[in-house]
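**Q** I have a structure here, written as C-alpha cells, and I will follow up with some questions on it.
Every read-out reported here was derived from the displayed coordinates using simple, explicitly stated rules and does not represent laboratory data. Computed from a prediction, not measured in an experiment: that's the story for all the values here. Quick reminder, even Gly has a Cβ in these numbers, built from the backbone with ideal geometry, and neighbours come from all protein chains shown.
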Amino acid sequence: FGCMTALHKCPFCRKEFDYAVNDFHNKISCGNKGCTKTFGFMLYNVSERRMKELREELKELQEKRLKRQDAIDRRNARSQAGSAGQTDESQLKEEIKAFKMGLLNACPKCGWEMGKRDGKDEAVAHLKECKNQKKIDAYQRRKKVEKISEEKKSQRKHLQDETVNLKTWEFLGGENESIWMLSMEQLQKMCGDYKLDTKGEKNDLIGRLVRHRNALDSSRMLGDAAGADSAGKKSSVPTHHTLPKNLEALPLDQLKAVAAAHGIECNGTTRQSVIDAIEKERFRDEPQLRLTMTAEHEEETRIQTKTTGKRKAKKALDEDDDDEDFKIDEEVMKKENKAAKITISDSDDDEPLITKA
C-alpha cells in the first residue's frame, strides 16, 4: 500500500512514472517522452490461509487508522477555528511575539537563527536591527515555497491514505456492514455515483447508501431466482467479524456510523446509548449475559450444574467399569498360562522335546 509514495520506474526507459492502484491488473505505458512500450505488474500467488490472516490484520490496522485520523481531524478543526480569518501579516505578528518569548529559534522575518546560548534579550536585539528588506523579502518567498511544497506533500499523503482506505474496504469484501471504514470524501463520492444526496453527517450518508444498495440487491434477487435463496439469507446483524474490536473506544460519530452500516436506527446522544443499541441488535436472538442473575437464571444454572454433575458421575462409572474389565481379562490370562504346561523330555539325540498340554 506504499504505492503512492514509492518511486516507480519504467522497465524500458528507466524513468519514473506516476502509479495508480487501479492499474495493477492492466498493461500500461509510462507516458514518458519517446517511450511507448507497455508493461504489466507481477502478481504473486497467496494461500487462502494467509489471505484470511491478512484480512484480519488489515481490519485491525484500519480501525487504528480511523481512530488516529479522527483525532487528527479534531485537532485540525480546532486549529482552523483558532486561525480563522488570520492573514499573513497577522500570522507574522504572532510569530514575532513567539520569537521574542523564545518559543522560536529562527527570526520569522529574515530567518536568522539564534545560538545555543542566545535567549530573549538577543531575540529582541536582533528584531531592532532586522531592517534589511531584500533579505526579508527573500526569506518570505522561501517560506511560501516551503509552505506550498509542504501542502503538496500533505495532499499526496492524504491521497495515499484515501487509496489505502478504499482498497482495504474492497479487499475485505466491500460489504455494507463494513462501509463505516470509508471516509467522508469516499462516502460523498459513492453517493454521487448512485445519484444520492451528498449532504449530511457520516451516519446519514451511510444510511442512504445501505438502503440503496440493499434495494439494488433485492431487485437483482427478483431477476435471479437461482441466487434468491442465498442472497435472502444475507443478514446485517452485527457480529464480531463486522464490528470493530475497539468498539468501546470509538467516538460518538464513528459509533453512529457503525450502527448505520448495520441498518440500526439510533438517535442516541451518548456513546453508551449507541453501544447499547448495537449490542441489543447483536444479541437479539441470544440471551444476553448479565452480571446480576435473576431467580430464573439461578434455577437454570442450578439445573445445568446438576446435569453436569450427573454426566461426570456417569463418565467416572464408565471408567471404573473399564478398569474392572481389564482386571478380569488379566485373571483369565493367568489361568490360561497355568493351563499351558510345557514339558521337556530328553530324546535319543539328546535334543529337548517341547510339548504343550
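**Q** May I ask for the net charge around Cys130, where only other residues with Cβ less than 13 Å from the Cβ of Cys130 are counted and Lys, Arg are +1 while Asp, Glu are -1?
**A** Here the charged neighbours net out to +1.
**Q** Ok, one more. Here are some pairs, Lys9/Lys167; Lys67/Lys280; Lys64/Lys143; Lys93/Lys135; Lys64/Lys153; which of them have Cα atoms lying more than 28 Å apart in this structure?
**A** From Lys9/Lys167; Lys67/Lys280; Lys64/Lys143; Lys93/Lys135; Lys64/Lys153, over 28 Å: Lys64/Lys143.
**Q** Right, something else. Rounded to the nearest 20 Debye, what is the dipole magnitude of the stretch 1-132 about its Cα centre when Lys and Arg each give +1 and Asp and Glu each give -1 at the C-beta?
**A** Using Cβ point charges on Lys, Arg, Asp and Glu, the stretch 1-132 gives about 280 debye.
**Q** Let me ask you something else. To the nearest 20 debye, what is the magnitude of the charge dipole of the stretch 112-168 about its Cα centre, counting +1 on the Cβ of each Lys and Arg and -1 on the Cβ of each Asp and Glu? Walk me through the intermediate numbers first.
**A** Values: 17 positive and 11 negative charges, 46 e Å.
Here the size comes out at about 220 debye.
**Q** Pop a pseudo-label 7 angstrom from the Cα along the beta-carbon direction at both Phe12 and Thr198 and give the gap in nm to one decimal.
**A** Computed distance between label sites Phe12 and Thr198 equals 3.7 nm.
**Q** May I ask you to evaluate 6.51 cos²θ - 1.76 cosθ + 1.60, the Karplus curve with θ = phi - 60°, for each residue of the stretch 193-206 and list the ³J(HN,Hα) values in order in whole Hz, giving x for glycine and proline?
**A** 5, 8, 6, 9, 5, 9, 9, x, 6, 4, 5, 5, 4, 5
**Q** For the charge dipole of the stretch 76-226, defined by +1 on Lys and Arg C-beta atoms and -1 on Asp and Glu C-beta atoms about the Cα centroid, which residue among Ser183, Gly115, Phe171 has the Cα displaced farthest towards the positive pole?
**A** After comparing all options, I get Gly115.
**Q** Taking θ as phi - 60°, what are the ³J(HN,Hα) couplings along the stretch 143-157 by the Karplus curve (6.51, -1.76, 1.60), each to the nearest whole Hz, with x for Gly and Pro?
**A** Working through the residues one at a time gives 5, 5, 4, 5, 5, 5, 4, 5, 5, 5, 4, 5, 5, 5, 5 Hz.
**Q** Cα centroids of the stretch 132-203 and the stretch 33-61: how far apart, whole angstrom?
**A** Distance between centres, Cα-based: 23 Å.
**Q** Sticking with this one: With a point put 7 Å past each Cα toward its Cβ, work out how far Asp121 is from His212 in nm, to one decimal.
**A** Result for the modelled spin labels: 6.8 nm.
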